[in-house]
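**Q** Could you have a look at this structure, given as structure tokens, before my questions?
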Amino acid sequence: MRILGPHDVLADADAQPAQSEFIDEFADLLEATGRDALLARREVDERLRLAVESARIGTFDFDPRSGRLEWSDRCKEILGFPFDEEISYASFLEGICSEDRERVGQAVVTALDPYGDGALDVEYRIVLRDGASRWVIAKGRAIFAGAGPDRAPVRFIGTILDNTERHRHEERATLLADAAAALGASLDDEVMLLGMARSACRRFASAVLVDVVADDGGRIERRIALERAPQRSMLMSLARNLAPEPIRRGAGDPATAAIRDQRTVRLDRLADAGPEAARPSPQYELLRELGAHSLIAAPLVARGRALGAVTFLRYEGSATFDDADLITAEELADRTATAIDNAQLYHAAVAANEAKSHFLASMSHELRTPLTAIIGYEELLADGITGPITEPQRQQLGRIKASASHLLSLIDEILTFARVESGSEWTQIEPVWVTDALEEAAALVAPLVGDRGLTLVVKASDDGIAVRTDRQKIRQILVNLLSNATKFTEEGTISLEACRDGREVCFRVSDTGIGIAPEHVAHIFEPFWQVEQRATRRIAGTGLGLTVSRRLAQLLGGDLTVVSRVGAGSIFSLRLPLDA
Ligand code: ADP
């Protein structure tokens, strides 16, 4: 037999195996007979007592024949009894919370059953005299004497371990994970708050109220009133409509005070007349009617701003909130506030983006009208309709036309971007021969490619590929890619190819130009983004071409990607489904 040393049982968290080991050894010892064993027993008993006490494990020893029941001091401490008090089995059972009491009683009866294995292993919650809860694990072993019908328990020994810390830790971790999942599941604050309140009701509180500060900053609105089990539905619907007092007025209800002072409020024994009760308020009356005897109102604070408060209630019969609960409540409130704040920031960003698209759309439209007039009048002059023009005048008119057309294409790009962003871009699907699409795009950029002294190569792997897609949009994307390839290539070849790949068609625009560094590749599809380089400063552009091209590709059910190497060139691939 190995004697248990203090080191075997010290660490509370891992004490459970040691607990069973101790019981086994104690049982062996008790079964041992003879003088030596008795002498040894006293010594070992003392050593075990010291080891067990230092491991903060309590021991009990019950003699079923005499009914004598002994609890160690540590046991009394765990169970919340004074050291000088005798604890009867009945008063021990009374300390166990009502949900667990019958189960523990049954486990003891089973352990003492002469035909069983005599083992006890049960976890339960006890309610201390101050209302706090404690979780304990009891392990024990009954020793039997006699055989057959005479077999009976002669001794029942065991240990009690305070498992509250670990239990709380696990409960808290589960609650926070649960609440975080609920808060992350949506960007709608109504859904987020309800999810958080549900998690809290499941594991932490009998009921949860959530209040938020209204836009005018003084009024408080009640958003959620939820209870664990629908016991007091009438009162709950009253609670749902009874917002706390506004911030400006008086000392305020718990939620009001929490919001105003940005500090957590904890109240116990709500039924007793407290200082707040002297000043009757409908909110306090309702809380008392609900039977809430313990309350924590934690402010929802994000970036220094109180957005509201969450109030956790515990009804009569459940434990009052303690210091550890206060920390949990504050953590829940913090996570909730951050989630609401993030959602608000997201909604603000979406609204700002919509405003930007709206602005771009209306500005572009306003600019387009006079520009069309400029181009129209230039054509009238150039055609000599209003009288003959000299050669220098014709050249200047040519420059006016080139600049106006360039400006028009930039405005059109912005307009398309604004339409795609606001979701108002439509597609017109029709059968398109891939070779036609290649030729149209090539014809549009050919003069530009020629001017730059580059070669344009166009080829389709198969003449007979047809797709159902938006003809104009394919052209717009390909012209965009080809213009970029021309802009960013000093010498060499630009090639435009197409081939079928399963249920898709793949267009490829390659160049032998300056290429794009890996750190820039991820950004080139972002709106208004341009690689800071001499070429872009020299060559006018909006930084929208690739953004629009990719969005249009996605609108047609495909995508646009790139591979590139600095100094070697770039390959842009446009993949589209055969049938958009
Ligand atoms: P813009 O051409 O109007 O500047 P884009 O969205 O079409 O805007 O392109 C974004 C940036 O990506 C360009 O400014 C350029 O830096 C880079 N880029 C695009 N195509 C190429 C290319 N073929 N070769 C090198 N860089 C390119």
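The values are calculated or read from the model by the stated rules, or taken from the named source; none is laboratory data. Computed from a prediction, not measured in an experiment: that's the story for all the values here. We place every Cβ from the backbone using ideal geometry, glycine too, and count neighbours over all the protein chains shown. Accessible surface is based on the protein model in full, side chains and every heavy atom, while ligands, DNA and RNA are left aside. Shrake-Rupley method; radii C 1.70, N 1.55, O 1.52, S 1.80 Å.
**Q** Filter region 495-515 for residues that are over 28 Å from residue 579 (Cα atoms) and either aromatic (Phe, Trp, Tyr) or touching a helix residue (DSSP H, G or I) at 6+ places or on another chain (Cβ under 7 Å) (or both) and give the result. Outline the logic, then answer.
**A** Restricting attention to region 495-515, the residues satisfying the condition of being over 28 Å from residue 579 (Cα atoms) are 511-515.
If the condition is that a residue be over 28 Å from residue 579 (Cα atoms) and either aromatic (Phe, Trp, Tyr) or touching a helix residue (DSSP H, G or I) at 6+ places or on another chain (Cβ under 7 Å) (or both), then 511, 513, 514 are the ones that fit.
**Q** Would you list the helices (runs of 4 or more DSSP H) that sit entirely within region 49-141 and hold 1 or more residues that are closer than 20 Å to residue 24 by Cβ?
**A** Values: elements: 73-79, 89-94, 98-111.
It comes to 73-79, 98-111.
**Q** What residue, among those in region 245-265 that are at pLDDT 90 or above and among the basic types (Lys, Arg), is surrounded by the most Cβ atoms within 10 Å (Cβ to Cβ)?
**A** 260
**Q** Right, another one. Quick one: count up the residues across region 113-147 that are open to solvent by less than 40 Å² (accessible area, probe 1.4 Å) and more than 20 Å from residue 57 (Cβ to Cβ).
**A** Residues in region 113-147 being open to solvent by less than 40 Å² (accessible area, probe 1.4 Å) and more than 20 Å from residue 57 (Cβ to Cβ): 5 in total.
**Q** Same structure, new question: Could you say whether any residue in region 505-513 is touching a residue at least 40 places away in the same chain (Cβ under 8 Å) and in contact with a Pro (Cβ under 9 Å, 6 or more places away or on another chain)? Please lay out each step first, then the result.
**A** Going residue by residue through region 505-513, those that are touching a residue at least 40 places away in the same chain (Cβ under 8 Å) are 505-513.
Of the ones still in play, those that are also in contact with a Pro (Cβ under 9 Å, 6 or more places away or on another chain) are 505.
Yes, region 505-513 has at least one match.
**Q** Consider residue 418 carefully, then state whether it is of a type in the set (Gly, Ala, Ser), over 16 Å from residue 575 (Cα atoms), in a helix (DSSP H, G or I) and away from the ligand (no atom under 16 Å from the Cβ).
**A** On the way: of a type in the set (Gly, Ala, Ser): yes; over 16 Å from residue 575 (Cα atoms): yes; in a helix (DSSP H, G or I): yes; away from the ligand (no atom under 16 Å from the Cβ): no.
Criteria not met by residue 418.
Here's the yes/no breakdown for (1) in contact with an Asp or Glu (Cβ under 8 Å, 6 or more places away or on another chain); (2) on the phi > 0 side of the Ramachandran plot:
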{"site": "193", "(1), (2)": "no, no"}
{"site": "210", "(1), (2)": "no, no"}
{"site": "223", "(1), (2)": "yes, no"}
{"site": "237", "(1), (2)": "no, no"}
{"site": "252", "(1), (2)": "yes, yes"}
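**Q** Another one. Go through 151, 168 for me and flag whichever is within 33 Å of the chain's Cα centre (by Cα) and among the charged types (D, E, K, R). Even if it seems obvious, please write down each step before you answer.
**A** Details: 151 fails: within 33 Å of the chain's Cα centre (by Cα).
Step by step, each of 151, 168 is checked, and only 168 is within 33 Å of the chain's Cα centre (by Cα) and among the charged types (D, E, K, R).
**Q** Of the numbered conditions (1) at pLDDT 95 or above; (2) in contact with a helix residue (DSSP H, G or I) (Cβ under 8 Å, 6 or more places away or on another chain); (3) away from the ligand (no atom under 11 Å from the Cβ); (4) not charged (D, E, K, R), residue 555 fails exactly one; give the number of that condition.
**A** (1)
**Q** Out of region 546-557, which residues are closer than 15 Å to residue 480 by Cβ and in contact with a Pro (Cβ under 6 Å, 6 or more places away or on another chain)?
**A** Looking only at region 546-557, we keep the residues that are closer than 15 Å to residue 480 by Cβ, and these are 546-556.
Of everything in region 546-557, just one residue is closer than 15 Å to residue 480 by Cβ and in contact with a Pro (Cβ under 6 Å, 6 or more places away or on another chain), namely 547.
**Q** Mind listing whichever residues of region 334-378 are open to solvent by less than 60 Å² (accessible area, probe 1.4 Å), in contact (Cβ under 8 Å) with a residue 40 or more places away in the chain and over 20 Å from residue 411 (Cβ atoms)?
**A** Of everything in region 334-378, those that are open to solvent by less than 60 Å² (accessible area, probe 1.4 Å), in contact (Cβ under 8 Å) with a residue 40 or more places away in the chain and over 20 Å from residue 411 (Cβ atoms) turn out to be 336, 339, 340, 343.
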